[in-house]
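Got a structure for you, questions after.
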Amino acid sequence: MRYSRLAATGLAATLAFAAPLSGSLFSGSVFAQAQPREIAFDSAGDFLKLPADLHLGEVAGVATTAAGNIWVYFQGGGPNATIGASRVYIHGGARLLEFDRSGKFLREIGTSENDRPYAFLFAQGVRVDPQNNVWIVDRASRMVVKFDPAGKVLLTLGRRLEAIGELGSSGVFGRASGPPGSGVPGDNFNQPLDVAWDAAGNIFIPDGYGNARVAKFDKNGKFIKSWGATGAGPGQFNTPHSVAVDARGNVYVADMGNQRIQVFDNDGTFKTEFKNVGAPRAICISPGAQQYLYSSNSNPTEDPFLNGEIYKMQLDGTVVGRIGRAGKQFKEFGMVNAIDCREANTLYVAELMNWRVQKLSLKN
């Protein structure tokens, strides 16, 4: 029997999506200055050239390779369940596409529903690491998967829900006896939301719906530690939605529900927080000698024309300027869920509400 919605007990709960810095650089909370200047920019418009029979849905992730190719992870349909005699098998509409730097379509990883990777259920994000490996983050499968550039699976973190009985009475997988939101040590994610790496290859994953923690693994996927719990204090989170790591190994976490970005050292020790940049849904740190932090102020679901701007910041929290606003037209944004900033003045942004990727060229 096939269901278009996961109404079975427990399944609905799982798919209910709703070197350290010196003390002189970071000290306590940092509040962004009022009314930052507008940064002029252009949009490449509808630059992705899709096959005639392929259309984007909610675009959850975008990432570029060293050669300039573009990976897009989007939701092409809702998760479904096939109920058998002994278990429930879930499959969904998440799809992963590659384009060249001009926007020409190159290929899809898994070209049909029957041969898509096991983890592709509900797209959350895609990132490309310094070795050009492609990582997807999927909320419904509760997995983070590393592919090599050819599309071969190299590493998996997390595990899909394949039996209703795995969920506890709370309906949330990955609960521990510790503080609420602290989760279970390891890769027992409830809903992973992003992935980032430091120079040593250590992996950082925010586990942000149901749980409220950041998990750290070594480059081989061995669990090192996690930190965080539900709350509004230093080191606590209310939906840690995105993560980025700077050249010194400091970890920046978009604490969306608390409307702040928290900064930690590489071991998870709290350093500071940045406020007054809205509710950060996606963050990105550009490479190079002068690094910048980009952060999207999420549109609230009930009002697609409120907020939506992207902030460009220095790593000490100083706002350089703001980019764009909410809306439906090009150069406007509808819930930016991912930012790629491989080049500091060229941004790729993935929009959930507007079902698209925009390429932005900053002028100043």
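Within the group Tyr294, Tyr311, which residue is aromatic (Phe, Trp, Tyr) and in contact with a Leu (Cβ under 7 Å, 6 or more places away or on another chain)?
That would be Tyr294, the only listed residue that is aromatic (Phe, Trp, Tyr) and in contact with a Leu (Cβ under 7 Å, 6 or more places away or on another chain).
Test Gly231 against the stated conditions and say whether it is surrounded by fewer than 17 Cβ atoms within 10 Å (Cβ to Cβ), of a type outside the set (Asp, Glu) and modelled with pLDDT of 95 or more.
Spelling it out, Gly231 is indeed surrounded by fewer than 17 Cβ atoms within 10 Å (Cβ to Cβ), of a type outside the set (Asp, Glu) and modelled with pLDDT of 95 or more.
In addition: Every residue in the stretch 121-135 that is assigned to a loop (DSSP other than H, G, I, E, B), within 14 Å of Gly151 (Cα to Cα) and touching a Lys or Arg at 6+ places or on another chain (Cβ under 7 Å), please.
Once the filter is applied, which keeps residues that are assigned to a loop (DSSP other than H, G, I, E, B), within 14 Å of Gly151 (Cα to Cα) and touching a Lys or Arg at 6+ places or on another chain (Cβ under 7 Å), the stretch 121-135 yields only Asn133.
Would you confirm whether or not the stretch 109-131 contains a residue that is open to solvent by 40 Å² or more (accessible area, probe 1.4 Å), over 16 Å from Pro192 (Cβ atoms), modelled with pLDDT of 95 or more and not aliphatic (A, V, I, L, M)?
So far as the stretch 109-131 goes, yes, one or more of its residues are open to solvent by 40 Å² or more (accessible area, probe 1.4 Å), over 16 Å from Pro192 (Cβ atoms), modelled with pLDDT of 95 or more and not aliphatic (A, V, I, L, M).
Say whether the condition of being open to solvent by less than 10 Å² (accessible area, probe 1.4 Å), among the hydroxyl-bearing types (Ser, Thr, Tyr) and farther than 26 Å from Asp138 by Cβ is met by at least one residue in the stretch 246-263.
no
Please verify whether the stretch 203-214 includes one or more residues that are modelled with pLDDT of 95 or more, assigned to a strand (DSSP E or B) and surrounded by fewer than 19 Cβ atoms within 10 Å (Cβ to Cβ).
The answer is no, given that none of the residues of the stretch 203-214 is modelled with pLDDT of 95 or more, assigned to a strand (DSSP E or B) and surrounded by fewer than 19 Cβ atoms within 10 Å (Cβ to Cβ).
On to the next question. Could you tell me which numbered condition Lys222 fails, if it satisfies all but one of (1) of a type in the set (Lys, Arg); (2) open to solvent by 20 Å² or more (accessible area, probe 1.4 Å); (3) touching a strand residue (DSSP E or B) at 6+ places or on another chain (Cβ under 7 Å)?
(3)
For Asn299, which of the numbered conditions (1) modelled with pLDDT under 95; (2) out of contact with any Gly (no Cβ under 9 Å at 6 or more places or on another chain) fails to hold?
Single failed check for Asn299: (2).
Residues in the stretch 188-202 that are surrounded by fewer than 23 Cβ atoms within 10 Å (Cβ to Cβ) and not small (Gly, Ala, Ser): how many?
4
Residue-wise test of (1) farther than 25 Å from Trp197 by Cβ; (2) open to solvent by less than 10 Å² (accessible area, probe 1.4 Å); (3) in a strand (DSSP E or B).
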position: Ile283; (1), (2), (3): no, yes, yes
position: Tyr294; (1), (2), (3): no, yes, yes
position: Phe305; (1), (2), (3): yes, no, no
position: Asp316; (1), (2), (3): no, no, no
position: Val349; (1), (2), (3): no, yes, yes
position: Leu360; (1), (2), (3): no, yes, yes
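A further question follows. State all residues of the stretch 333-347 that are open to solvent by 10 Å² or more (accessible area, probe 1.4 Å) and within 16 Å of Phe47 (Cβ to Cβ); if no residue qualifies, say none.
Across the stretch 333-347, the qualifying residues are Asp340, Glu343, Thr346.
The values are calculated or read from the model by the stated rules, or taken from the named source; none is laboratory data. Predicted, not measured: the structure shown is a model, and the values here were computed from it. Cβ sites come from the backbone with ideal geometry, for glycine too, and all protein chains shown count toward neighbours. Surface areas here come from the heavy atoms of the whole protein model, side chains and all, with no ligands, DNA or RNA. Shrake-Rupley method; radii C 1.70, N 1.55, O 1.52, S 1.80 Å.
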